[in-house]
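Asker: Quick one: this structure, given as structure tokens, is what I'll be asking you about.
The values are calculated or read from the model by the stated rules, or taken from the named source; none is laboratory data. All of these numbers come straight from a predicted model, not from anything done at the bench. Because the Cβ atoms are built from the backbone with ideal geometry, glycine has one as well, and the counts that use them run over all protein chains shown. Ligands, DNA and RNA are excluded from the accessible area calculation, which covers all protein heavy atoms including side chains. Shrake-Rupley method; radii C 1.70, N 1.55, O 1.52, S 1.80 Å.
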Amino acid sequence: MFDLKKLIRTNINALQPYSSARNEYSSAEGVFLDANENPYGQWNRYPDPYQTALKAELAKQKGINPNQILVGNGSDEIIDLLFRVFCIPGTDKALGFTPSYGMYAVSAAINDVELVTIPLTDSFDLDSEAAIELLKQKPIKLTFICSPNNPSGNAFTQAKIREVVQAAQGIVVLDEAYADFSEQGSWLELLPQFPNLVITQTMSKARGLAAARVGFAFASEEIIAVLNKVKPPYNVSELNQQTVLAALRNEESFAQQLEQIKNEKRKLERELALLPLVRKVYPSNANFLLVEVTDANRLYAQLVERNIIVRNRHKEVPNCIRISIGSATENEILLNALKQIENEESTVY
Ligand SMILES: Cc1ncc(COP(=O)(O)O)c(C=O)c1O
């Protein structure tokens with residue numbers, strides 16, 4: 001039987017959260033002399049601490065209750081909040097799969113939590129058998145699954161994810177930062193089946209608002225309530241709440257961009273595969289390609305010299321670079337540069 005209270009740190013269970021001025025009186029009407037704001041200007045008031053309008057729109061679009069949504073200052077803030085709510089520093093353990101998104105390890109380290117890791121298989125699949133075994137042996141408070149995974153780009157099958165979520169005694173965080181690009185879609189409609197599941201999504205990728213720093217967590221009302229206790233009261237600015245709300249309502253532009261990025265990905269994938277310096281282009285359900293080349297360090301430097309910046313993932317996956325899908329023009333510039341490098345160095349490659 002899943003007991004959320006037992007997973008939450010005792011001090012967080014006992015925490016009396018800060019009650020902000022806008023918590024205590026939330027109507028838009030009134031003479032506001034309660035928050036020591038400057039009475040003049042357009043952005044002089046504190047924002048809605050619970051992002052009500054934004055959540056109402058998101059709830060409608062995602063078919064979920066607004067009380068099951070947490071809005072964070074990027075999903076990075078949510079990852080950190082999860083550690084702070086569930087993991088006792090120096091004592092509790094979390095689980096991650098490698099290679100994956102680097103912030104799980106960084107947030108774990110900041111919070112003094114050991115992140116136990118299990119390698120993905122050679123084809124970057126989830127080793128659910130190893131995970132189930134480990135989850136049986138060790139008390140794991142948080143398990144991070146990133147699907148589609150960064151940096152490999154593949155999405156895990158529902159069956160594999162389900163096995164891990166069901167085996168976990170603690171919370172499982174399913175990071176869906178790239179789910180909009182994926183044929184597998186989102187797990188959101190399965191959320192009611194799993195009281196220990198937290199799904200994170202972000203405005204930073206398909207939605208094109210990385211500058212706004214807005215991410216979401218979807219989970220049971222009980223989990224969201226405890227995350228709300230710990231988040232800073234005004235964690236998402238009014239400017240960003242308005243920007244995100246407008247973007248969410250602009251379905252047409254979102255759909256168009258998504259299609260364009262997917263088409264560009266297919267094109268780039270085909271073109272890259274033809275280059276002699278490319279050994280392998282991994283299949284991708286995201287808006288980037290993991291590409292194995294002859295010498296990743298060397299190629300990375302050669303591209304930087306030409307003002308083209310890709311991500312060198314050699315330390316995580318030998319001789320691999322990760323390439324974000326750019327505009328048609330940007331991708332063309334990259335391909336031309338790669339061809340030029342090949343011509344100049346044909347003897348090396
Ligand atoms: C898998 C994954 N999760 C989360 C994030 C961070 O998202 P946000 O911009 O919402 O903090 C990234 C950013 O690269 C990512 O790759």
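Asker: Looking at Asn65, is it open to solvent by 30 Å² or more (accessible area, probe 1.4 Å), within 16 Å of the ligand (Cβ to nearest atom), over 30 Å from Gln137 (Cβ atoms) and not hydrophobic (A, V, I, L, M, F, W, C)?
Answerer: Numbers: open to solvent by 30 Å² or more (accessible area, probe 1.4 Å): yes; within 16 Å of the ligand (Cβ to nearest atom): no; over 30 Å from Gln137 (Cβ atoms): yes; not hydrophobic (A, V, I, L, M, F, W, C): yes.
Considered against the rule, which asks whether it is open to solvent by 30 Å² or more (accessible area, probe 1.4 Å), within 16 Å of the ligand (Cβ to nearest atom), over 30 Å from Gln137 (Cβ atoms) and not hydrophobic (A, V, I, L, M, F, W, C), Asn65 comes out as no.
Asker: On to the next question. Name the one entry in Leu70, Leu95 that is under 24 Å from Tyr282 (Cβ atoms), away from the ligand (no atom under 12 Å from the Cβ) and crowded, with 21+ Cβ neighbours inside 10 Å. Reasoning before the result, please.
Answerer: Details: Leu70 fails: under 24 Å from Tyr282 (Cβ atoms).
Answer to the check: Leu95.
Asker: Can you find even one residue in the stretch 202-214 that is more than 16 Å from the ligand (Cβ to nearest atom) and either open to solvent by 10 Å² or more (accessible area, probe 1.4 Å) or polar (S, T, N, Q) (or both)?
Answerer: Of all residues in the stretch 202-214, those more than 16 Å from the ligand (Cβ to nearest atom) come to none.
Among the residues of the stretch 202-214, not one is more than 16 Å from the ligand (Cβ to nearest atom) and either open to solvent by 10 Å² or more (accessible area, probe 1.4 Å) or polar (S, T, N, Q) (or both), which makes the answer no.
Asker: Also: Determine whether Glu222 is acidic (Asp, Glu), open to solvent by less than 10 Å² (accessible area, probe 1.4 Å) and in the same structural domain as Asn13 (by TED's automatic domain parsing). Quick ask: steps written out before the conclusion?
Answerer: Numbers: acidic (Asp, Glu): yes; open to solvent by less than 10 Å² (accessible area, probe 1.4 Å): no; in the same structural domain as Asn13 (by TED's automatic domain parsing): yes.
Judged against the criteria, Glu222 is not a match.
Asker: Name, by its number, the condition in (1) within 12 Å of the ligand (Cβ to nearest atom); (2) open to solvent by 10 Å² or more (accessible area, probe 1.4 Å); (3) hydrophobic (A, V, I, L, M, F, W, C) that does not hold for Cys146.
Answerer: Just one mismatch for Cys146, condition (2).
Asker: Can I ask one more? Only one of (1) open to solvent by less than 50 Å² (accessible area, probe 1.4 Å); (2) β-branched (Val, Ile, Thr); (3) away from the ligand (no atom under 15 Å from the Cβ) fails for Ile79. Which number is that?
Answerer: Against the list (1) open to solvent by less than 50 Å² (accessible area, probe 1.4 Å); (2) β-branched (Val, Ile, Thr); (3) away from the ligand (no atom under 15 Å from the Cβ), Ile79 comes up short only on (3).
Asker: Considering only residues of the stretch 279-303 that are of a type in the set (A, V, I, L, M, F, W, C) and over 12 Å from Ile341 (Cα atoms), which is most open to solvent (accessible area, probe 1.4 Å)? Reasoning before the result, please.
Answerer: Taking the stretch 279-303 and keeping what is of a type in the set (A, V, I, L, M, F, W, C), we get 281, 286, 288-291, 293, 296, 299, 301, 303.
From what is left, the residues that are over 12 Å from Ile341 (Cα atoms) are 281, 286, 288-291, 293, 296.
Working: Val281: 30, Ala286: 2, Phe288: 5, Leu289: 0, Leu290: 1, Val291: 1, Val293: 3, Ala296: 0 Å².
Selected residue: Val281.
Asker: Assuming Lys265 fulfils every condition listed in (1) touching a strand residue (DSSP E or B) at 6+ places or on another chain (Cβ under 8 Å); (2) without any contact (Cβ under 8 Å) to a residue 60 or more places away in the chain apart from one, which condition is it?
Answerer: That leaves (2) as the condition not met.
Asker: Residue under question is Leu33, and the condition is that it be closer than 24 Å to Lys138 by Cα and more than 15 Å from the ligand (Cβ to nearest atom); does it hold?
Answerer: The answer is no for Leu33.
Asker: Among the residues of the stretch 100-110, which ones are open to solvent by less than 20 Å² (accessible area, probe 1.4 Å) and out of contact with any strand residue (DSSP E or B) (no Cβ under 7 Å at 6 or more places or on another chain)? Lay out the reasoning, then the answer.
Answerer: Step one: list which residues in the stretch 100-110 are open to solvent by less than 20 Å² (accessible area, probe 1.4 Å), which gives 104, 107-108.
The answer is Ser107, and nothing else.
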